[in-house]
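Enquirer: Let me begin by handing over the structure; questions about it come next.
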Amino acid sequence: MELTHVLARAFSSVAVSIDLADDDDIDPDIATDIIEPAAALFKELSEDDRRALAAIIVEVSELESDPVRKRSMLQLPEEIGLLEEE
């Protein structure tokens, strides 16, 4: 697996774990504080790079065996703003 795919899969896995965690386990404000800086960095990418990253996240989501995690991972590109227009 290529480095970009490993990094996208690792980020996606962490983001999904945070998203699916109970509010008692991870405070929603802290969860936001964890994810927002990464999302802000992704917004600095060119539109083509954001689309490419979104495609990689969708691709690596196919490796996820848990259907709930997979569904959350498939929604991740939109949720972190990769598919928004500049």
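Enquirer: Apply the a/c threshold of 1.5 to the C-alpha gyration tensor of segment 45-86 and tell me whether it is rounded, prolate or oblate. Kindly include the intermediate steps, with their values, before the conclusion.
Expert: Numbers: a/c = 4.73, a/b = 2.00, b/c = 2.36.
It is oblate, given that a/c is not under 1.5 and a/b is not larger than b/c.
Enquirer: Here is a further query. Which percent of the accessible heavy-atom area of the chain goes to carbon and sulfur, probe 1.4 angstrom? Each step should come with its number before you reach the end.
Expert: Details: 2970 of 5710 Å².
Using a 1.4 Å probe with all protein chains present, the chain comes out at 52 percent carbon and sulfur.
Enquirer: Same structure again: Using a/c under 1.5 as the rounded threshold, could you call the chain rounded, prolate or oblate? The axes a ≥ b ≥ c are square roots of the C-alpha gyration tensor eigenvalues, and prolate needs a/b larger than b/c, oblate otherwise. Write down the numbers at each step before the final one.
Expert: Details: a/c = 1.93, a/b = 1.21, b/c = 1.60.
Here the chain falls in the oblate category.
Enquirer: Springs between alpha-carbon pairs under 10 angstrom, Gaussian network model over the chain: which of LEU74, LEU41, LEU53 fluctuates most?
Expert: LEU41
Enquirer: Let me ask you something else. Over the chain, what relative contact order in percent results from Cα pairs under 8 Å that are six or more residues apart?
Expert: Numbers: 57 pairs, mean separation 34.1, N = 86.
Relative contact order comes out at 40 percent.
Enquirer: Right, here's the next one. Could you work out the local net charge near ILE56, counting Lys and Arg as +1, Asp and Glu as -1, over the other residues with Cβ closer than 14 Å to its Cβ?
Expert: Details: positive: ARG9, ARG50, ARG51; negative: GLU2, ASP48, ASP49, GLU59, GLU62, GLU64.
Once positives and negatives cancel, what remains is -3.
Enquirer: Mean-square fluctuation check for the chain, GNM, Cα pairs under 10 Å: which of SER72, SER46, SER13 is largest?
Expert: Greatest mean-square fluctuation among the candidates belongs to SER46.
Enquirer: How much area per residue is accessible in the chain when the probe is 1.4 Å and only protein heavy atoms are counted (Å²)?
Expert: Result: 66 Å² of accessible area for each residue.
Enquirer: Could you check the simple spin-label distance between GLU59 and GLU2, using points 7 Å along Cα→Cβ, in nm with one decimal?
Expert: 0.5
Enquirer: I want to check the label-to-label distance for GLU44 and ASP66. Put each point 7 Å from Cα in the C-beta direction and report it in nm to one decimal.
Expert: Taking the two extended label points, one gets 3.1 nm.
The values are calculated or read from the model by the stated rules, or taken from the named source; none is laboratory data. Note that the structure is a prediction, hence the values are computed from the model and not measured. Glycine also receives a Cβ, built like all others from the backbone with ideal geometry; neighbour counts cover every protein chain displayed. Please note that ligands, DNA and RNA were not included when accessible areas were found on the heavy atoms of the full protein model with its side chains. Shrake-Rupley method; radii C 1.70, N 1.55, O 1.52, S 1.80 Å.
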